[in-house]
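Asker: Below: one structure in structure tokens.
The values are calculated or read from the model by the stated rules, or taken from the named source; none is laboratory data. From a predicted model like this one, the values you see are computed outputs, not experimental measurements. As a convention, Cβ positions derive from the backbone with ideal geometry for all residues, glycine included, and neighbour counts pool all protein chains shown. Note: accessible area is taken over every heavy atom of the protein model, side chains too, but ligands, DNA and RNA are not part of it. Shrake-Rupley method; radii C 1.70, N 1.55, O 1.52, S 1.80 Å.
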Amino acid sequence: MAESARRVRVRDLQEKKQRGERIAMLTVYDATMARLLDRAGIDAVLVGDSLGMVIEGHDSTLPVTLDAILHHTQAVTRGARHALVVADMPFLTYQLTATETLHNAGRLIQQGGAAAVKLEGGRAVADVVARLVDAGVPVMGHLGLLPQHVHQLSGYRMQAKTEFEAGQLIEDAKALEEAGAFSVVLESIPAEVAKTVTRELQIPTIGIGAGPFCDGQILVSYDAFGLNDESVPPFVRQYANLAELMVEAAKEYAQDVRCGRFPLLDRHARSSPGNGSGK
Ligand code: KIV
């Protein structure tokens, strides 16, 4: 069976690390883009709480609710047939009682259709990770710049810059692996620290702003495709400028409507009724 024809599993990512193959991951928030990323053969997608910024227009991930992540996860899992779908656990939805945390993660798996959840933190959440994994919920960790800790960190800045902080991060990464996490995101840390973590762990590391030595990379799709052209982090490479294309297309459409070039009578007569989205 061709690789793109079957669903990527947690174990596939681990085997990729063992074979030295890099993992390509992107964030996604809707069914249409999930289908397109499947066509591109992206290995895994994250329904990130970055949706608070790029979809909901907030200036941080903190206002994102579990219901919002669930809603977008349901859309993504309707579209993605190939990629492993990971759903982010929003701010303060996993630091609760064990029962509440399991209930929240369970909703993303049972109702959302995600194959795994992601949560932020190291040793502080290792017991949470272990409980979820024991209950059958695969967990992706997230270390380095933790956007849900933006107030505590006093902004979005590179982490683990001192030897002490780097040592702490390596301990956190080991604790996550020990607790059963299947992978860990490393965000905004020096490349050499990411290299050490990647070497020390058996599970794959997924970098964002963490240099080239991780086992895989993730970007916020709206940044990578140039849909979000406001406050893009400096480490992002823009693979397209969809914002510009959309603005130009919308201008052309508006001009056509205003001067009567769209719709044309002959096409209208031939087209079947519907809303234009294939329904
Ligand atoms: O929410 C998100 O998009 C993320 C990625 C930046 C890793 O956590």
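Asker: For residues that are in a helix (DSSP H, G or I), more than 11 Å from the ligand (Cβ to nearest atom) and either touching a residue at least 12 places away in the same chain (Cβ under 8 Å) or open to solvent by less than 10 Å² (accessible area, probe 1.4 Å) (or both), tally how many sit in the range 44-71. First the steps, then the outcome.
Answerer: At the first step, the residues of the range 44-71 found to be in a helix (DSSP H, G or I) are 51-54, 66-71.
Next cut, more than 11 Å from the ligand (Cβ to nearest atom) only: 66-68, 70-71.
When the remaining residues are screened for being either touching a residue at least 12 places away in the same chain (Cβ under 8 Å) or open to solvent by less than 10 Å² (accessible area, probe 1.4 Å) (or both), the result is 66, 68, 70.
The number of residues fulfilling the criteria is 3.
Asker: Just need a number here: residues in the range 37-84 that are closer than 18 Å to Ile23 by Cβ and of a type in the set (Gly, Ala, Ser).
Answerer: Going through the range 37-84 one residue at a time, the tally reaches 6.
Asker: Still on this structure: Tell me the residue from Val257, Val232, Val236, Val247 that is at pLDDT 95 or above, hydrophobic (A, V, I, L, M, F, W, C) and under 30 Å from Val139 (Cα atoms), please.
Answerer: Details: Val257 fails: under 30 Å from Val139 (Cα atoms); Val232 fails: at pLDDT 95 or above; Val247 fails: under 30 Å from Val139 (Cα atoms).
Being at pLDDT 95 or above, hydrophobic (A, V, I, L, M, F, W, C) and under 30 Å from Val139 (Cα atoms) holds for just one of Val257, Val232, Val236, Val247, which is Val236.
Asker: Within the range 99-125, which residues are assigned to a helix (DSSP H, G or I), under 16 Å from Pro138 (Cα atoms) and either in contact (Cβ under 8 Å) with a residue 12 or more places away in the chain or in contact with a helix residue (DSSP H, G or I) (Cβ under 8 Å, 6 or more places away or on another chain) (or both)?
Answerer: Pass one, the range 99-125, residues assigned to a helix (DSSP H, G or I): 99-110, 123-125.
Now drop any that are not under 16 Å from Pro138 (Cα atoms), which leaves 101-110, 125.
If the condition is that a residue be assigned to a helix (DSSP H, G or I), under 16 Å from Pro138 (Cα atoms) and either in contact (Cβ under 8 Å) with a residue 12 or more places away in the chain or in contact with a helix residue (DSSP H, G or I) (Cβ under 8 Å, 6 or more places away or on another chain) (or both), then Thr101, Leu102, Asn104, Ala105, Gly106, Arg107, Leu108, Ile109, Val125 are the ones that fit.
Asker: Within the range 20-32, which residues are assigned to a helix (DSSP H, G or I) and either open to solvent by less than 20 Å² (accessible area, probe 1.4 Å) or among the hydroxyl-bearing types (Ser, Thr, Tyr) (or both)?
Answerer: Of all residues in the range 20-32, those assigned to a helix (DSSP H, G or I) come to 31-32.
Scanning the range 20-32 gives a single hit, Thr32.
Asker: Let me ask you something else. Answer with yes or no whether Ala210 is closer than 22 Å to Leu92 by Cα, in contact with a helix residue (DSSP H, G or I) (Cβ under 7 Å, 6 or more places away or on another chain) and touching a residue at least 12 places away in the same chain (Cβ under 8 Å).
Answerer: Numbers: closer than 22 Å to Leu92 by Cα: no; in contact with a helix residue (DSSP H, G or I) (Cβ under 7 Å, 6 or more places away or on another chain): yes; touching a residue at least 12 places away in the same chain (Cβ under 8 Å): yes.
Answer is no for this residue.
Asker: In the range 135-144, is there at least one residue being touching a Ser or Thr at 6+ places or on another chain (Cβ under 6 Å), open to solvent by 10 Å² or more (accessible area, probe 1.4 Å) and within 16 Å of the ligand (Cβ to nearest atom)?
Answerer: So the first thing to find is which residues in the range 135-144 are touching a Ser or Thr at 6+ places or on another chain (Cβ under 6 Å), and the list is 140, 144.
Filter once more, so that each one left must be open to solvent by 10 Å² or more (accessible area, probe 1.4 Å): 144.
After this cut, where a residue has to be within 16 Å of the ligand (Cβ to nearest atom) as well, the list is 144.
Scanning the range 135-144 turns up at least one residue that is touching a Ser or Thr at 6+ places or on another chain (Cβ under 6 Å), open to solvent by 10 Å² or more (accessible area, probe 1.4 Å) and within 16 Å of the ligand (Cβ to nearest atom).
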